[in-house]
């Protein structure tokens, strides 16, 4: 079971990491920190080298889901002395492909380990069929999330969707609870190169969000999957609802509340194309 293997590799990688180590992993060609190592730091070069082997193994397993996953030449790098004492570490812009594959990997792991194998296979079949007509790697990573959103929207009930995305969010690195989970989540999606700008209007408990230059929007159809995962990273267990708006520009009305009885909606996509 690939999902279980990915979980095991992530657990081993976490065991190597520490809060303030001077070493980290990066792609020699692009400088990006590859999934699943991300911003993890390691106490010494030997441990970081073992971690690099795990990253290679993880990406090899993930490539069974997506043969188009970009190859990364993972090397060990050392932080400058002054940066090594800063617990916050050094952050680089998140690569669009890495972000998409990190979200997709977390969802695939959840589908594989949570009894949703039919849905998992359906996503893979839809993606591989569509990928034959696409050449650009950036388009492929977007296609992966689009295929995932479309298939799971049809294959799972809305409460099953909530379970899958909640567990997928829990597989990603935890995020400190921000003052505003919505804008922090939107900023994360924008930092990944998926969104040029956004505008939040209306009441705080149910605002309307307008998106500009959203790579996962077509007409008034908006893929909400990555934003739902980012919100649930910051508000685990919250009831999240996305609803379409009457505006001509891509966007949605979103509600994020803590309550006992959930009424999730639009967790994967909203609107019409």
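Sort 206, 97 so that the residue with the fewest other Cβ atoms within 10 Å of its own Cβ comes first and the one with the most comes last.
On the way: 206 13, 97 23.
Arranged by neighbour count, lowest to highest, 206, 97 become 206, 97.
State, as an integer percentage, the relative contact order of the stretch 2-76 based on alpha-carbon contacts under 8 Å between residues 6 or more apart. Before the final figure, lay out the partial values.
Numbers: 108 pairs, mean separation 28.4, N = 75.
Computed over the stretch 2-76, the figure is 38 percent.
Take the Cα pairs of the stretch 166-251, get the Kirkwood Rh, then feed it into Stokes-Einstein at 25 °C and 0.890 mPa s and tell me D in µm²/s.
My calculation gives 183 µm²/s for D.
Let me know the shape class of the stretch 99-270, please: from the alpha-carbon gyration tensor, a ≥ b ≥ c as square roots of the eigenvalues, rounded when a/c is under 1.5, otherwise prolate if a/b is greater than b/c, or oblate.
On the way: a/c = 1.57, a/b = 1.19, b/c = 1.31.
Since a/c reaches 1.5 but b/c is at least a/b, the shape of the stretch 99-270 is classed as oblate.
Run the simple label-point estimate for residue 39 and residue 212 please: 7 Å along Cα→C-beta, distance reported in nm.
Those two pseudo-labels are separated by 2.7 nm.
How big is the convex hull of the Cα atoms of the stretch 2-76, per residue, in Å³?
Values: hull volume 5.4 nm³, N = 75.
Once divided by residue count, the hull of the stretch 2-76 is 71 Å³.
What list do you get for 79, 140 if you sort them by fewest beta carbons within 10 Å? Don't skip to the answer; put the middle values down first.
Values: 79 17, 140 21.
Starting with the residue having the fewest Cβ neighbours, the order is 79, 140.
May I ask you to derive the relative contact order of the stretch 99-270, considering only C-alpha pairs under 8 Å and at least 6 residues apart, and to give it as an integer percent? Could you put the intermediate results ahead of the total?
Working: 261 pairs, mean separation 39.3, N = 172.
Over the stretch 99-270, the number comes to 23 percent.
Taking the beta-carbon count within 10 Å as an exposure proxy, list 257, 222, 107, 151 from fewest neighbours to most. If you can, show how the numbers build up before the last one.
Details: 257 13, 222 26, 107 30, 151 20.
Taking fewest neighbouring Cβ atoms as first place, the list is 257, 151, 222, 107.
Would you calculate a helix-derived [θ] at 222 nm for the chain, using -39,500 (n - 2.57) for each DSSP H run of n ≥ 4 and dividing by the full residue count, to the nearest 500?
Numbers: 9 runs with 124 residues, N = 273.
For the chain, the value works out to -14500 deg cm²/dmol.
Compute the distance in nm between two label points, each set 7 Å from the Cα along the Cα-to-Cβ direction, one at residue 29 and one at residue 73.
Distance between label points: 0.8 nm.
Residue 200 to residue 173: FRET efficiency via 1/(1 + (r/R0)^6), r the Cβ-Cβ distance, R0 25 Å, to the nearest 0.05? Before the final figure, lay out the partial values.
On the way: r = 25 Å, r/R0 = 1.00.
That pair, residue 200 with residue 173, gives E of 0.50.
Given the options 251, 204, 170, state which has the largest fluctuation in a GNM of the chain using a 10 Å cut-off (strictly under) for Cα springs.
Per the Cα network of the chain with a 10 Å cutoff, 204 tops the list.
Just grab the label-to-label distance for residue 136 and residue 259, each label 7 Å out from Cα along the Cβ direction, in nm (one decimal).
With each label point 7 Å from Cα toward Cβ, the separation is 4.1 nm.
Quick one: P(r) of the stretch 91-160 from all Cα-Cα pairs, 10 Å bins, percents rounded to integers, in order of increasing distance.
19, 51, 25, 5
Every number here is computed from the coordinates shown, using simple stated rules; none is lab data. Please read all numbers here as calculations on a predicted model, not as lab measurements. Cβ coordinates were reconstructed from backbone atoms using ideal geometry, including for glycine residues, and neighbour counts include every protein chain displayed.
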